[in-house]
Amino acid sequence: MKVLSVNAGSSSLKFKMFEMPEEKVLVSGLFERIGIAGSCYTIKLNGEKITKEAVLNDHKDAVRILTLELINNHVIDSLDEIKAVGHRMVHGGDVYSSSVVITEDVKRKVRELIPLAPLHNPANLVGIEAFEQEIPSCVNVGVFDTAFHQTISEEAYLYSVPYSWYKDYGVRKYGFHGTSHQYVSWQMNKILGRSDTKLITCHIGNGGSISAILNGKCIDTSMGFTPNAGIMMGSRCGDIDASMLGYVMDKTGLSMKEVDNILNKESGLLGISGVSSDSRDIEKGIKEGNERCLLAQKMYVRRVIDYIAKYYVLLGGADAIIFTAGVGENSIEFRKQVLEGLKVLGVEIDLEANNTRGVLTKITTDDSKIACYVIPTDEELMIATETYKLV
Ligand code: ADP
């Protein structure tokens with residue numbers, strides 16, 4: 001069965017088509033600058049990458065061109081062959097603890113959750129509606145970033161603020177990157193050959209989050225009510241003292257909105273280094289002797305170690321620690337520093353094995369008390385798998 005995995009943003013649409021259950025990638029690509037001048041799309045097929053300019057007034061234009069390209073390139077003979085489309089959905093609130101077939105009722109609930117994800121949920125809905133209109137015969141499935149974290153207990157997801165904020169306004173930890181944490185934890189359990197495991201999954205990309213997973217179920221995660229919680233990130237601050245905001249607003253005259261923007265876009269590695277949010281630039285800066293890059297990296301690593309230590313205690317130990325996403329998969333130096341900071345837990349890094357990027361690798365020695373792995377994430381495959389299962 002051919003299954004499309006889709007991630008619709010406000011001005012973009014990323015897709016990957018799989019033959020399921022074989023998990024074979026048939027074609028992938030990205031539509032960019034939808035509704036903006038200079039729109040274009042890229043398609044990767046048979047190892048070749050084609051980029052074309054096109055008028056993309058809305059997501060429907062993107063889906064229409066996508067279907068034409070699939071037919072013209074003989075990936076499919078007719079639209080009926082696309083049986084199902086899985087959509088990455090950012091926020092399912094506490095309504096969805098697993099993936100669902102999209103119905104009018106689901107769309108209404110996702111719309112009601114827009115205040116919790118004002119940028120993402122509307123874009124996800126636009127993506128669904130474009131497929132509903134352009135390929136009416138296909139079944140649409142929603143795979144929520146928050147769903148995997150719905151097993152977190154009340155004592156872990158509540159903030160110590162007035163309980164009425166939770167009851168009246170839904171203020172609580174939701175967590176994000178759930179599809180990725182779920183995917184790498186499944187892969188890890190496959191490698192270990194059992195599911196009664198204690199895992200700490202570290203999704204460290206431009207955004208980053210860490211989860212504690214007990215017997216396949218998430219029991220805590222570092223992101224919170226919004227993605228700007230937990231570890232330090234590329235440009236997000238992560239955990240901070242909330243009462244500093246009033247002080248900074250008084251001092252600077254900035255509005256709450258402006259401060260929030262700084263906390264999301266001008267903090268983290270970028271805010272401390274003053275150089276970049278990209279860890280490659282930070283590592284380059286360190287080599288060139290930039291002290292602020294060195295400080296940013298030290299803070300970045302420290303916060304990851306803090307969360308791993310916290311989840312080690314919560315889980316009562318750990319069978320494995322997994323690194324994934326852009327930094328987790330690719331930064332040899334970052335992983336080395338984190339694992340060296342975990343020596344007290346009996347973690348023994350295998351320096352030679354760690355000298356790798358983007359491939360599944362065990363990066364600790366056989367006598368390490370906790371096995372650490374790099375497992376490349378594949379959210380698209382996870383979405384296709386969930387979709388195939390439901391359809
Ligand atoms: P996003 O959160 O946007 O999905 P990604 O998971 O794609 O982010 O991660 C992107 C980040 O990965 C980059 O900003 C960069 O910091 C990091 N990265 C990618 N390649 C490398 C590398 N070779 N060395 C260090 N960091 C890398």
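The values are calculated or read from the model by the stated rules, or taken from the named source; none is laboratory data. Everything numeric in this text was worked out from a predicted model, so none of it was measured. As a convention, Cβ positions derive from the backbone with ideal geometry for all residues, glycine included, and neighbour counts pool all protein chains shown.
Structure notes:
- Yes/no for Arg303 being in contact (Cβ under 8 Å) with a residue 60 or more places away in the chain and not acidic (Asp, Glu): yes
- Residues in region 158-175 that are in contact with a helix residue (DSSP H, G or I) (Cβ under 8 Å, 6 or more places away or on another chain) and not aliphatic (A, V, I, L, M): Tyr159, Gly170, Arg172, Lys173, Tyr174, Gly175.
- Within region 284-297, residues that are touching a residue at least 24 places away in the same chain (Cβ under 8 Å) have Cβ atoms under 8 Å from residues that are part of a helix (DSSP H, G or I) and of a type in the set (A, V, I, L, M) in these pairs: Ala296/Leu269; Ala296/Ile272; Ala296/Ile282; Gln297/Leu269; Gln297/Ile282; Gln297/Ile286, counting only partners at least 6 apart in sequence or on another chain.
- Hey, Thr385 under 26 Å from Thr146 (Cβ atoms), more than 16 Å from the ligand (Cβ to nearest atom) and among the polar types (S, T, N, Q) or not: yes
- Checking each residue in region 364-379 for being within 15 Å of the ligand (Cβ to nearest atom), part of a loop (DSSP other than H, G, I, E, B) and touching a Leu at 6+ places or on another chain (Cβ under 7 Å) picks out Ile375, Pro376.
- Residue list for region 193-225, filter: of a type in the set (A, V, I, L, M, F, W, C) and in contact with a Gly (Cβ under 8 Å, 6 or more places away or on another chain): Cys202, Ile204, Ile210, Cys218, Met223
Yes/no matrix, rows are residues, columns are (1) among the basic types (Lys, Arg); (2) surrounded by fewer than 24 Cβ atoms within 10 Å (Cβ to Cβ); (3) over 24 Å from the mean Cα position of the chain (by Cα):
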{"residue": "Tyr311", "(1), (2), (3)": "no, no, no"}
{"residue": "Gly316", "(1), (2), (3)": "no, yes, yes"}
{"residue": "Glu333", "(1), (2), (3)": "no, yes, no"}
{"residue": "Thr365", "(1), (2), (3)": "no, yes, yes"}
{"residue": "Ser368", "(1), (2), (3)": "no, yes, yes"}
{"residue": "Cys372", "(1), (2), (3)": "no, no, no"}
{"residue": "Asp378", "(1), (2), (3)": "no, yes, no"}
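- Pairs, first closer than 21 Å to Gly35 by Cβ in region 124-141, second acidic (Asp, Glu), C-beta under 8 Å, six or more apart: Val126/Asp58; Ala130/Asp58
- Test for Asp241: is it more than 16 Å from the ligand (Cβ to nearest atom), out of contact with any helix residue (DSSP H, G or I) (no Cβ under 8 Å at 6 or more places or on another chain) and either in a helix (DSSP H, G or I) or at pLDDT below 95 (or both): no
- Single residue of region 132-153 satisfying the filter (more than 23 Å from the chain's Cα centre (by Cα) and within 19 Å of Thr385 (Cα to Cα)) that is surrounded by the most Cβ atoms within 10 Å (Cβ to Cβ): Cys138
- Counted as qualifying within region 1-58 are the strands (runs of 3 or more DSSP E) with 3 or more residues that are surrounded by 15 or more Cβ atoms within 10 Å (Cβ to Cβ), namely 2-8, 13-19, 24-32, 40-45.
- Residues in region 186-227 that are more than 13 Å from the ligand (Cβ to nearest atom) and assigned to a loop (DSSP other than H, G, I, E, B): Gly193, Arg194, Ser195, Asp196, Thr197, Asn215, Gly216, Ser222, Gly224, Phe225, Thr226.
- In region 101-122, of all residues being more than 19 Å from the chain's Cα centre (by Cα) and in contact (Cβ under 8 Å) with a residue 40 or more places away in the chain, the one that is surrounded by the most Cβ atoms within 10 Å (Cβ to Cβ) corresponds to Ile102.
- Here Val327 does not fit the description of being free of Cβ contacts under 8 Å to residues at least 12 places away in the same chain and closer than 27 Å to Gly178 by Cα.
- Any hit, region 348-358, residues being hydrophobic (A, V, I, L, M, F, W, C) and over 27 Å from Lys284 (Cβ atoms): no
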